[in-house]
1. Does segment 60-79 hold any residues that are surrounded by fewer than 24 Cβ atoms within 10 Å (Cβ to Cβ), more than 13 Å from Val213 (Cβ to Cβ) and among the small types (Gly, Ala, Ser), and which are they?
2. Looking only at segment 288-313, count how many residues are touching a residue at least 12 places away in the same chain (Cβ under 8 Å), surrounded by 13 or more Cβ atoms within 10 Å (Cβ to Cβ), of a type outside the set (Ser, Thr, Tyr) and within 22 Å of Asp64 (Cα to Cα).
3. If I go through segment 94-103 residue by residue, how many of them are under 13 Å from Tyr40 (Cα atoms) and either more than 21 Å from the chain's Cα centre (by Cα) or crowded, with 16+ Cβ neighbours inside 10 Å (or both)?
4. Can you name every residue in segment 16-51 that is surrounded by 11 or more Cβ atoms within 10 Å (Cβ to Cβ), farther than 20 Å from Ile81 by Cβ and of a type outside the set (Lys, Arg)?
5. Is segment 68-78 home to any residue that is closer than 26 Å to Lys297 by Cβ, touching a Leu at 6+ places or on another chain (Cβ under 7 Å), in contact (Cβ under 8 Å) with a residue 12 or more places away in the chain and not in a helix (DSSP H, G or I)?
6. Which condition number in (1) loosely packed, with under 13 Cβ neighbours inside 10 Å; (2) in contact (Cβ under 8 Å) with a residue 40 or more places away in the chain is the one that Leu140 fails?
7. Suppose we filter segment 22-47 for residues that are among the basic types (Lys, Arg) and outside any helix (DSSP H, G or I); how many remain?
Amino acid sequence: MGSEFNKSLSDKVAHIEGILKVFLPKEEGYAKTVIEAMNYSLLAGGKRLRPMMMLEAYKLFAGDDADEKVVAPFMTAMEMIHTYSLVHDDLPAMDNDEYRRGRKTTHAVYGAGMATLAGDGLLNLAYETAVAGAIKGPKLSAYDGDNDNRYLSALQILATKAGIYGMVGGQCADICAENATDIPEDEMKDTLHYIDENKTGALIEASLMVGAVLGGATSEQVSMMEKIGSNVGIAFQIQDDILDITSTAEVLGKPIGSDEKNGKSTYVSLYGMDNSKAKVKELSDEAVDILDNLGFKDSFLHELFQYLIYREK
C-alpha cells in the first residue's frame, strides 16, 4: 500500500471524526457522567472502518457527490454500536482489559457500573440517531426489498446485524466456546465459522449493506455487498489469529499469544498456518471479484479491503 492510500485513509478518518462530533450528546444535566463516559469511549480514536465502509458503499451507488446527510446519522450509529461492544468487551466480567489503543478503558476511568451504562447508552443512542436521520432525511427512491422504504430497510439491517442474529450471537458463541476442550473438531470448525461470521463479520456486512441501501442499490446488489462483508470479516479475523502468533507486541500494540494462553480455538489452531494464509487469500480474492462484478474495480473500497486483510497490525 502506497503513501497515497495512507494519506487518503487518514483524510477519511479525519472526515468521519468531524461527522461523529456533530452528533455527540451534550455533557449536562443529571445524566452528565454517563454522557461523559460515552463521549470518552466514542472519541478514543480507532480506525473508523465501519462508518468508512458505509460511506464508501453509499458513494459507489449514489455517486461521489451524493448528499452525505442521508448516510451520516447511520455512520454515526454504526460507530456507536461498535464502540459500545468494545466498552462491554473490556469490562472485568468479560475480557477485563485496562488499556485500549494506548489509553485507559472506559471502566478503568469511570468504574464498571458507569461503563456498563455508557455501553447501554451508546447502543440506544445509535438507534435514536439513525431513526432521527431516517425521519429528517430527504426522500429516497423506492427499494425492491421486502420493504420499499430505504430508511426502514437500513434500520432493520442495522438492528438485526447488531443483535442476537448477528454480533451478540457471535459473542455468545465465543464465550461458550472458550476453554471448551470436549467439542469435536468438526463441530468446533462450524462454531468458529459462526463466531467469525457474526462477531466480526456482522457489523462489516451491515456497514456495506446500509450504505448500499441508502445509496440506491437493488436488493440483489445489497446481497452481493453482504457476501463481500462476510468474506472481509472472516478474512480479517483469520489474519488477526495469524498475527497473534507471528507478530510482536511492539508491532501489534497489544500482547501476543493471548489466544493460546486463553485456550481459544482459532483458525490457525484448527487448520494450520499455511491453510489459514491460503484461506485469507481465497476469501479476499472472492470479495474483490464480487466488487469487480458490481462494476467497482478501482474503488477505494477495493484498496481498503486489501489493506485490512493483509495488514501487519
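1. Gly63, Ala66, Ala72
2. 12
3. Here the count works out to 1.
4. Glu27, Thr33, listed by residue number.
5. Yes, because at least one residue in segment 68-78 is closer than 26 Å to Lys297 by Cβ, touching a Leu at 6+ places or on another chain (Cβ under 7 Å), in contact (Cβ under 8 Å) with a residue 12 or more places away in the chain and not in a helix (DSSP H, G or I).
6. So the condition that Leu140 fails would be (1).
7. Residues flagged as among the basic types (Lys, Arg) and outside any helix (DSSP H, G or I) within segment 22-47 amount to 2.
Rule-based calculations on the coordinates, nothing more; no lab input. Every value quoted in this text rests on a predicted model; they were computed, and no experiment measured them. Every residue, glycine as well, gets a Cβ built from its backbone with ideal geometry; the counts of neighbours run over all protein chains shown.
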